[in-house]
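Below is one structure; the comments refer to it alone.
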Amino acid sequence: MREAPIEDQQEQESVLGPKRPRLAVFKFTSCDGCQLNVLNMEDELLALGEAIDIAYFPEASSRMTPGPYDIVLIEGSITTPEDAPRIAEIRNQAKLLITIGACATAGGIQALRNWGNVEAFKQAVYPKPEFIQSLSTSTPISEHVQVDYELWGCPIDRHQLLNVLTNLLAGIEPRIPTHSVCLECKRQGHVCILVAKGLPCLGPVTRTGCGAICPQMGRECYGCFGPAENASQSPGVPPNTSSLAQQFHQQFQIIPQDIVRRFRGINGYVRPFREESDAWETK
């Protein structure tokens with residue numbers, strides 16, 4: 001992901017160009033939930049349509065004009081032989097490329113195949129598996145091309161996307177929050193699910209963005225927004241998943257197999273969660 005210093009307005013405007021920026025939305029392997037959240041912006045989307053030329057968005061319109069584009073939103077992971085050359089072609093057409101959602105940023109729930117036998121899955125699910133063309137892995141967009149910004153979540157938070165787009169239009173470097181769900185719970189006055197209920201909550205190692213929906217409803221966090229950054233360390237340092245997993249095991253008596261399942265969820269293939277689950281798989 002792009003890690004540029006905060007740019008001034010003049011520099012950022014030069015990236016998008018002096019004219020009304022052209023926006024495109026492309027889909028790879030996904031459920032379309034993040035694109036639906038884009039449409040759920042409703043009134044805000046209408047306002048954005050006055051500032052941005054929505055040139056390509058098949059989910060929303062039959063008007064599909066060719067690139068190049070100033071801003072490209074990508075939903076979905078790379079899972080078929082055709083995906084890799086296609087994303088490379090799209091990257092060449094984009095000034096700024098933003099991945100939206102867990103599939104595009106981490107490989108998604110379909111990345112569970114990365115630990116399994118894809119051919120066996122095909123045989124079990126499809127009556128004619130020979131017609132199914134897929135890769136043995138599901139990988140995030142960043143493993144194939146340069147990504148400028150990543151919006152996490154399953155699905156994304158539409159307010160985060162709106163903030164990123166309006167910041168870019170204003171010539172401001174977007175700041176996407178990386179702190180944990182725990183901080184969000186404190187801000188909203190929620191009782192700690194981990195301490196008060198003894199539930200294996202992933203909130204301490206999961207980045208904010210959902211508004212702490214699950215803890216608000218008395219349920220543990222499932223890691224939908226991917227790994228947070230360790231606020232006590234330098235920016236970019238992964239969260240202390242090892243300490244949390246040890247607490248799950250020692251204090252809550254959760255067996256290693258269930259710890260593996262906890263970390264191999266929606267964002268299971270992203271490095272901090274993947275490495276933690278791999279470590280407990282051998283215990």
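The values are calculated or read from the model by the stated rules, or taken from the named source; none is laboratory data. Here the structure is a predicted model, which means the values were calculated and not measured. Heads up, the Cβs are rebuilt from the backbone with ideal geometry, glycines too, and the neighbour counts pull from every protein chain shown.
At a glance:
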{"read-out": "Wholly within region 61-170, helices (runs of 4 or more DSSP H) carrying at least 2 residues that are out of contact with any helix residue (DSSP H, G or I) (no Cβ under 9 Å at 6 or more places or on another chain), surrounded by 15 or more Cβ atoms within 10 Å (Cβ to Cβ) and not assigned by TED's automatic domain parsing to the domain that holds residue 263", "value": "83-92, 158-170"}
{"read-out": "Any hit, region 234-244, residues being assigned by TED's automatic domain parsing to the domain that holds residue 200, at pLDDT 95 or above and within 17 Å of residue 197 (Cα to Cα)", "value": "yes"}
{"read-out": "Flag for residue 211 being out of contact with any Cys (no Cβ under 7 Å at 6 or more places or on another chain) and at positive phi", "value": "yes"}
{"read-out": "Count - residues of region 7-44 that are modelled with pLDDT under 75 and not charged (D, E, K, R)", "value": "7"}
{"read-out": "Filtered residue count, region 244-283, keeping only those that are over 27 Å from residue 101 (Cα atoms) and not in a helix (DSSP H, G or I)", "value": "7"}
{"read-out": "For residue 60: the one exception among (1) in contact with a Gly (Cβ under 8 Å, 6 or more places away or on another chain); (2) over 17 Å from residue 20 (Cα atoms)", "value": "(1)"}
{"read-out": "Any hit, region 176-197, residues being among the aliphatic types (A, V, I, L, M), assigned to a strand (DSSP E or B) and surrounded by 18 or more Cβ atoms within 10 Å (Cβ to Cβ)", "value": "no"}
